[in-house]
Amino acid sequence: MPEGDTIFRAARTLHRALAGKAVTHFESMFPSLTRIHDDAPLTGRTIHSVSAKGKHLLMEFSGDLILRTHMRMNGSWHIYRRGERWQRSRRDMRIVVATSDYEAVGFNIPVAEFLPSRELTRHDELRRLGPDVLSGTFDAAEVIRRIRERPSMPIADALLNQRVIAGLGNVYKSEILFMCGVNPFVEVRHIDGGKLQEIVATARRVLATNVLDGVAPMTTYTGYRRTTGRADPKQRLWVYSRARLPCRRCGTAIRVRKQGLDARLTYWCPRCQGAESPEALTPEP
Ligand SMILES: [Zn+2]
């Protein structure tokens, strides 16, 4: 699943290319979108803005119409100059929004719908999102409150829960917990307030750093490919995708295990990140 910063960058790129321009062509493989287009054509509408909310991408058109898409695991938006060759097969195309000079193409996008703005504010999935890690008004205290509401949830699952904090994905989950020296399987109730603050602040810092223009990603994330949003294990991630390789800090073999309802892979250093339960920290008498 793309991380929030990938969606954020995609939204920004689309916004720069499309905002203020008129739609000259629209097509989609989603019958529900095509139906709206048939009734009230997208063609001729102005694209007001493209923005990210958590992992949702929102494209706002004149005439009170918003296109909401969610990438899930494999979806992505590309932007091309008109006439430029697509980097993906036409078979994977789900949505095209074109202006006189650009073509935005959504590939393999599984979730897409048109909404009027009043429905957006009522939209369940959006309304329940936790504070957006990349929002200008990010509320760390609220995130900590939401983490605390889930005392028996392992911390790695809490960080992936979009109702706790919106925009974090599986790669950063493992990396952030390594950076903070916290075992991903520790239940929230065993983590003290100072450490929770450090985890949330690190999440914010790492994602914000990765969306700044002209700034190289943190050393930690040189392996996080901006274009594909996939981690390259050969590059400098701390733990993600590095199972059995030596920890970059202590040399211990990095471990991997499936975690949570979705069985997402969690990577961690068993030495740098301590024990799973506080009992295990107490030495044998
Ligand atoms: Zn280590």
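The values are calculated or read from the model by the stated rules, or taken from the named source; none is laboratory data. From a predicted model like this one, the values you see are computed outputs, not experimental measurements. Cβ atoms come from the backbone with ideal geometry, glycine included; neighbour counts cover every protein chain shown. The area values use the complete protein model at the heavy-atom level, side chains included, leaving out ligands, DNA and RNA. Shrake-Rupley method; radii C 1.70, N 1.55, O 1.52, S 1.80 Å.
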*Can you tell me which residues in region 258-275 are part of a strand (DSSP E or B), touching a residue at least 12 places away in the same chain (Cβ under 8 Å) and not hydrophobic (A, V, I, L, M, F, W, C)?*
259, 264, 266, 267
*Residues within region 167-195 that are of a type in the set (Gly, Ala, Ser), surrounded by fewer than 24 Cβ atoms within 10 Å (Cβ to Cβ) and in contact (Cβ under 8 Å) with a residue 40 or more places away in the chain, tallied*: 3
*Please go through region 266-279 and pick out each residue that is among the hydrophobic types (A, V, I, L, M, F, W, C) and either at pLDDT 95 or above or open to solvent by 70 Å² or more (accessible area, probe 1.4 Å) (or both).*
268, 269, 272
_Looking only at region 186-208, filter to residues that are over 16 Å from residue 268 (Cβ atoms) and among the charged types (D, E, K, R); which one of those is nearest to the chain's Cα centre (by Cα)?_
204
*List the pairs whose first member sits in region 29-55 and is more than 17 Å from residue 19 (Cβ to Cβ), whose second member is basic (Lys, Arg) and open to solvent by 40 Å² or more (accessible area, probe 1.4 Å), and whose Cβ atoms are under 7 Å apart, counting only residues at least 6 apart or on separate chains?*
29/94; 30/94
*Can you tell me how many residues in region 24-50 are among the β-branched types (Val, Ile, Thr) and more than 21 Å from residue 111 (Cα to Cα)?*
3
_Conditions (1) closer than 20 Å to residue 41 by Cα; (2) assigned to a loop (DSSP other than H, G, I, E, B); number of the one not met by residue 95_ = (2)
*Output the residues belonging to region 48-82 that are modelled with pLDDT of 95 or more, open to solvent by 30 Å² or more (accessible area, probe 1.4 Å) and among the β-branched types (Val, Ile, Thr).*
none
*Considering only residues that are among the hydrophobic types (A, V, I, L, M, F, W, C) and at pLDDT below 95, look in region 116-147 and name the one that is surrounded by the most Cβ atoms within 10 Å (Cβ to Cβ).*
133
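Looking at region 119-139, which of the residues that are without any contact (Cβ under 8 Å) to a residue 24 or more places away in the chain and of a type in the set (D, E, K, R) is nearest to residue 7 (Cα to Cα)?
The extreme case among them is 127.
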*Within region 1-28, can you find the residues that are exposed (fewer than 15 other Cβ atoms within 10 Å of the Cβ) and free of Cβ contacts under 8 Å to residues at least 40 places away in the same chain?*
16, 20
